[in-house]
Structures are given as structure tokens and as C-alpha cells.
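Here is the structure we will look at, set down as C-alpha cells.
The values are calculated or read from the model by the stated rules, or taken from the named source; none is laboratory data. What you are looking at is a predicted structure, and each value in this text was computed from that prediction instead of being measured. In this analysis, Cβ positions are derived from the backbone assuming ideal geometry, glycine residues included, and neighbour counts consider all displayed protein chains. Protein only, heavy atoms only, side chains kept; ligands, DNA and RNA dropped before computing areas. Shrake-Rupley method; radii C 1.70, N 1.55, O 1.52, S 1.80 Å.
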Amino acid sequence: MFIDKEKCIGCRACHPYCTVGAISSVKWNDRTKSEVNQDECVECGACLRSTICRQSAIFMPELEWPRLVRAQFGNPYIHPKIKDGVPPTPEIKTNDLNGRIPVGVTEVVVEMGRPGVSTSFRDVQKVCSVMAETGIALHPGSAIATIMEDLAAARIREDVLGERALNVMIVGCIDNVRLFHALEAIKRVSKEIDTVFSLSLVNRLAKDNIAQALPIASSAGFSIMPHAKTNVGLGRRIEGEN
Ligand code: SF4
Ligand code: SF4
């Protein structure tokens, strides 16, 4: 995002609308103007969509790759393109219908960055590498897969690593036997990244109505906030499954 200094009157009205605090005042030809820090801006478009600028000084040029990746992970109107022929990863609430996560398997979701913080793709790479090394298979239909040059190794394209994003979700699956080891490794790498992150574990309930990941996450030292999603009105669940 850019601010046209010829039009800007330096009123600062747009500053609070920036999700990462990337807009600041600068001196320009002896006048106070506003400017977008291009390293910090995550191209979320919030400042422009707010229509706060009465001078129409805020503008977004056509984004080229790899800068475009910032918008793909931060602007709700711009989406990464999933590979042709690969179905997008369905919402977890449809699991009763498609059985994507069977009993005995846990979906692991690491969400990095938040408004006010954002994340670098170098940090995302650190977490992705650990997830792949410990046996978590990333979903080919997820947004993060669109920027991988090697999905099995969870290796992000080199040209993206210098970019930032408001928020990145890394989604993959692992069998419960290997989950503890993977969680310990995620905990270790979380101390090496310069952003906030949250971890979600998704289970299909086993016959005894137990979410198998719960005791595993607990013994790996994570504090747990359980919640459930129920298939109401989405369709008939898979025949023969509990
Ligand atoms: S709202 Fe518009 S005129 Fe005011 S500081 Fe921001 S860009 Fe400049
Ligand atoms: S596009 Fe988003 S990050 Fe960039 S200046 Fe606007 S609000 Fe801030």
C-alpha cells in the first residue's frame, strides 16, 4: 500500500486503521505527510477499505509476485490459488461427511501472526520444517501448500521467505502414535519465532467419546481449552462410523 504525498495532508486519520502500525508521519518538502513502511505493511488493505482518507491519498498498486503473497495471506478479498485438480481442504465441521480425519489421527493447526504483530515467512518456514520432520503431513489443499516448492518437506519457495503476512495457518495431519513427539518439537520451535502463535488439535471422537489428543497434549505441557463442532444440517454422516 502507498500514500500519495502530493494528496496527503498529514491529518493522521488513517494511522489507527493500520493492522500492524505501518503508517507513520514523515517530513516531506517541509510539510508533515504520512507514509507506509513497505517492510512492515502486510498488504491487508484495511486502510484503503476503511475509506477514512478524505483526500483519496491511499492507493494500492497492482501487486507483483512475491509481494502479492502478503495480500494472499492478509487481505480477505485476495486468495492464494490452489493447484489445479487439488480440492481445497474442507472445513473441519464437514468431517462427519467426508471422514478426512479418521479416529487415530489428529489434525494439527498452527496459526502464526495476528493483527498488531504479523509474521515473517522465515519464521513460518521454521515451524513448517519442524512439523514435516516430526511426521506431520501438510494438506495439499491448504493455503500454505500454495507457496511450497516441496510439500513433503514443507519447504517454502525461496522468493517468498523475505515477505511478511498478517496471519498464516499451517495445517497438517499426524497419527496419534507420533503426536507427542511432534508437539514437543513444536513447543521447542515456538521459542525461536518472533511472533505469537496458537495451536489447535482436531480429533474425531473415538467410540468411548474420548478425544485422543487431549491427554497427549496435556502430557506435552500444553494448557488445553477443549471445544466441539457438531454437524447440524450439513448432511448425512458416513455410514457405519460412530
Ligand atoms: S488519512 Fe489521508 S490525508 Fe490523512 S494522513 Fe492518512 S493518507 Fe494522509
Ligand atoms: S495495507 Fe494493511 S498493513 Fe498495509 S498500510 Fe494498509 S492497513 Fe497497514
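What to note about this one:
- Pairing residues of the stretch 11-32 that are assigned by TED's automatic domain parsing to the domain that holds residue 52 with residues that are more than 7 Å from ligand 1 (Cβ to nearest atom) and of a type in the set (Asp, Glu), at Cβ distances under 6 Å and at least 6 apart in sequence or on separate chains, gives 20/40; 22/40; 26/35.
- Residues of the stretch 155-170 that are in contact (Cβ under 8 Å) with a residue 24 or more places away in the chain and not aliphatic (A, V, I, L, M): 155, 157, 159, 162, 163, 164, 167.
- Per-region count, the stretch 44-81, residues within 13 Å of ligand 2 (Cβ to nearest atom) and over 24 Å from residue 141 (Cβ atoms): 15
- Members of the stretch 24-47 found to be under 16 Å from residue 61 (Cβ atoms), over 22 Å from the mean Cα position of the chain (by Cα) and of a type in the set (A, V, I, L, M, F, W, C), listed by number: 36
- From the list 26, 69, 36, the lone residue that is away from ligand 1 (no atom under 16 Å from the Cβ) and not acidic (Asp, Glu) is 69.
- All positions within the stretch 123-140 that are open to solvent by less than 10 Å² (accessible area, probe 1.4 Å) and under 17 Å from residue 80 (Cα atoms): 124
- Tally of residues being touching a residue at least 60 places away in the same chain (Cβ under 8 Å) and open to solvent by less than 50 Å² (accessible area, probe 1.4 Å) across the stretch 184-195: 5
- Apart from one condition, residue 178 fits all of (1) in a helix (DSSP H, G or I); (2) surrounded by 15 or more Cβ atoms within 10 Å (Cβ to Cβ); (3) of a type outside the set (A, V, I, L, M); the exception is (2).
- The one condition from (1) open to solvent by 60 Å² or more (accessible area, probe 1.4 Å); (2) in contact (Cβ under 8 Å) with a residue 60 or more places away in the chain; (3) hydrophobic (A, V, I, L, M, F, W, C) that residue 228 does not meet is (2).
- Listing of strands (runs of 3 or more DSSP E) fully contained in the stretch 4-122 that carry 1 or more residues being hydrophobic (A, V, I, L, M, F, W, C) and open to solvent by 70 Å² or more (accessible area, probe 1.4 Å): 23-28
- The set of residues in the stretch 139-154 being part of a loop (DSSP other than H, G, I, E, B) and either in contact (Cβ under 8 Å) with a residue 24 or more places away in the chain or among the acidic types (Asp, Glu) (or both) consists of 139, 140, 141, 142, 153, 154.
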